[in-house]
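What follows draws every value from the coordinates through simple rules; no lab data is involved. Note that the structure is a prediction, hence the values are computed from the model and not measured. When we count neighbours, we look across all protein chains shown, and the Cβ atoms used for this are built from the backbone with ideal geometry, even at glycine.
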Amino acid sequence: MMTNPIDRRALLRGTAALGGTAALAPWFPAWAQPVSAGIVRPLPVVSGTEIKLRIAHMMRRIDGRESHGIAVNGTIPAPLIRLREGQTVRLHVENALDEDSSIHWHGLLLPFHMDGVPGLSFPGIKPRSSFTYEFPIVQSGTYWYHSHSGLQEQMGHYGPIVIDPVGEDPIRSDREHVIVLSDHSALHPHTIFRKLKQMGGYFNYQKQTLSGLLAGRDQSQTERAAWGAMRMDPTDVSDVTGSAYTYLVNGHGPQDNWTALFTPGERVRLRMINASAMTTFNLRIPGLRLTVVQSDGLAVRPVTVDELQIAVAETYDIIVEPADDRAYTLVAETVDRSGMARATLAPRAGMAAEVPPLRRRPLADMKDMGMGAMGGMTHGAAPAGDSACAPEHAAMGHCTPAGGAPAAGGADHAAMGHGAGGMDHSMRDFSNAPEVKKTPTVQTISPMPVDRTGEPGQGLEDVGHKVLVYSDLVAVDRNPDVRAPDRAMRIHLTGNMERYMWAFDGQKLSEVKKPIPFLEDERVRVTLVNDTMMGHPIHLHGHFFELVTGHGDHAPRKHTVQVQPGGTVTFDVTTDAVGDWAFHCHLLYHMHAGMMQVVTVRPREGDAA
């Protein structure tokens, strides 16, 4: 039986009262434990044109506790692979495991048979055997690599890649640090997946409570009843939370106090990589502004913010300029605010700065339900925001209109399935999504999804400072292909939380009979529609795409994009890489449950060999 969560703010206050040095109970959250003097340990580096990598089991120690993992060259994260644009690299990978393994080079443009997806682009690396990847390096920037076999990525099989440009780097800095964010659990990943299948909210210890209702926190009783009738939980923000995870920086837990050094006055480049299995992080460094200069390895016009949300599999390069001779805390708070990864930027080892308390966890709202286009529409006699008719309640059509009886079949009322529109109470109106198959994998369909690329992400709407949004990003270089799209397509992100099933257009990978077809050099506009109440980082292998955010021929180019709950993202892609490519949600357990398809790019007639 689950217990109530610890009051983290009270715990932090108590820790501060003890001077931060008292030995806390071992079951206290890792971020609230006393920290060490600090670990100043850069990631091991491999480079050159011939590189050897060995995948093997390893025992690791996280915040003083041992657990099993999968390492590359005896380290977790795997070594930093440092390459140079224009070279050709051969990577000899030995699999010392007793199961198949693989390495996918996330974000790298290469021949499809070197992409590293077992069963799609190559057979995989059999136990006690080797495979050699060989490909030219045609780009520069910050990327990463990881297993695409089973759930090995969760166990530590991931590492960073830095590719230096030909000639002088146009991004000037005095020092740089590669920072790999990840999540770690003592539970075996298959155990985590089994528990999610048994109960979708198994790891959510932050549900609304009776005591919270009596204290006037979160939703009102009326709102809770309405959401309960729809079998929806507004606290269901992350599948796997701090109740199961410790959040890591370069393989170190919060107690380790991993430290990056600087000299006051330097321009410090932080190459941030979210290599987690399931965790969206909100990143900030209290006391420092963050200037974003790259996104997914490609340069963007510098934009200065106080915080940014970094989805699973995204990378951001950030410039900070600490002027004072003091320590700063790097805070990577989880999107559901159940925990954080933390590190320190300091002029000397052994320093630490104040670690801010976790902020209040967000609640899903009407936009997250895919009703963002409803705006202020209500049928209630009371105006939106009136305590007699909360906006969420009014938008669901439960309020009484000024004329008396509830309006039957009104736009908002029917949208929730209470009118004559014929939609059921569970929000499964397939007329809104003719592309979607009517399968048990579809629990909801967003009635009125909206483009949310101009929004900062769940829980960051009212933090009181500047948060990066996708529409802030503008490419430094003109896009390589500025043709208008030849055609358009929509793809729906669908799921069933109660049964923990995830898919595209209602079909899991195992149910799809044919891949998504493209022709070589076709220009296609793709709109992703999120029909779920959870954000999904969607990754297309082998390609970059241009986000349609109003920046014309300088649209930001990415390989992974977060589609916010109930929202849409539109991008243009030039399918210039012939072959079979994976297309999937990068939340590991979503992909494992079926949220993946295959994109096939065929040569045009007469071009085939």
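Tabulated values for the structure
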{"quantity": "Electrostatic dipole magnitude of segment 45-164 [Cβ: Lys, Arg +1; Asp, Glu -1; Cα centre; debye, to 20]", "calculated": "240 debye"}
{"quantity": "Alpha-carbon centroid distance for the pair segment 468-538 / segment 189-219, whole angstrom", "calculated": "29 Å"}
{"quantity": "At R0 = 56 Å, FRET efficiency that the Cβ-Cβ distance of His465 and Glu605 yields, to 0.05", "calculated": "0.55"}
{"quantity": "Potential extension, Arg41-Ser129 segment - 0.36 nm per residue separation minus Cα distance", "calculated": "28.5 nm"}
{"quantity": "Residue-wise HN-Hα coupling along segment 318-332, computed from phi with Karplus coefficients 6.51, -1.76, 1.60 (Hz; x: Gly, Pro)", "calculated": "10, 9, 10, 10, x, 9, 9, 8, 8, 8, 10, 9, 8, 10, 10"}
{"quantity": "Cβ-placed point charges (K, R +1; D, E -1), dipole of segment 111-250 about Cα centre in debye, nearest 20", "calculated": "800 debye"}
{"quantity": "Karplus (6.51, -1.76, 1.60) ³J(HN,Hα), θ = phi - 60°, over segment 475-482, in Hz, Gly and Pro reported as x", "calculated": "5, 5, 9, 4, 4, x, 10, 10"}
{"quantity": "Calculated FRET efficiency for the pair Glu50/Ala349, C-beta based, R₀ 45 Å, to 0.05", "calculated": "0.85"}
{"quantity": "Reachable aspartates and glutamates, given that their alpha-carbon falls under 15 Å from the alpha-carbon of Lys52 and they are not under 8 places away in the same chain", "calculated": "Glu94, Glu134"}
{"quantity": "Whole-angstrom gap from segment 269-287 to segment 544-573, using each part's C-alpha centre", "calculated": "20 Å"}
{"quantity": "Length gained when the stretch Arg175-Thr191 is fully extended (0.36 nm per residue, less Cα-Cα span)", "calculated": "1.6 nm"}
{"quantity": "Mean Cβ neighbour count within 10 Å, used as a protection proxy, ranking 429-437, 551-559, 305-313 highest first", "calculated": "305-313, 551-559, 429-437"}
{"quantity": "Protection proxy ranking, peptides 327-334, 220-227, average beta carbon neighbours within 10 Å, highest first", "calculated": "327-334, 220-227"}
{"quantity": "Distance in nm between pseudo-label sites at Asp325 and Gln87 (7 Å out along the Cβ direction from Cα)", "calculated": "3.9 nm"}
{"quantity": "Placed amide H near Val563: partners under 5 Å, 5+ positions off or other chain", "calculated": "His536, Ile538"}
{"quantity": "In Hz, Karplus ³J(HN,Hα) per residue of segment 88-98 (6.51, -1.76, 1.60; θ = phi - 60°; x = Gly, Pro)", "calculated": "10, 10, 10, 10, 8, 10, 9, 9, 8, 7, 9"}
{"quantity": "Positive-pole candidate from Ile318, Leu261, Gly297, dipole of segment 260-319, charges at beta carbon", "calculated": "Leu261"}
{"quantity": "31 Å Cα-Cα threshold exceeded, pairs from Lys367/Lys437; Lys197/Lys437; Lys508/Lys558; Lys437/Lys466; Lys207/Lys466; Lys466/Lys508", "calculated": "Lys437/Lys466; Lys466/Lys508"}
{"quantity": "Beta bridge orientation in segment 45-164: antiparallel %, DSSP, nearest 5", "calculated": "65 percent"}
{"quantity": "Potential lengthening between Asp98 and Thr439 on full extension [0.36 nm per residue; Cα-Cα distance subtracted]", "calculated": "119.1 nm"}
{"quantity": "Cα gyration tensor shape for segment 45-164, rounded if a/c is under 1.5, else prolate or oblate", "calculated": "oblate"}
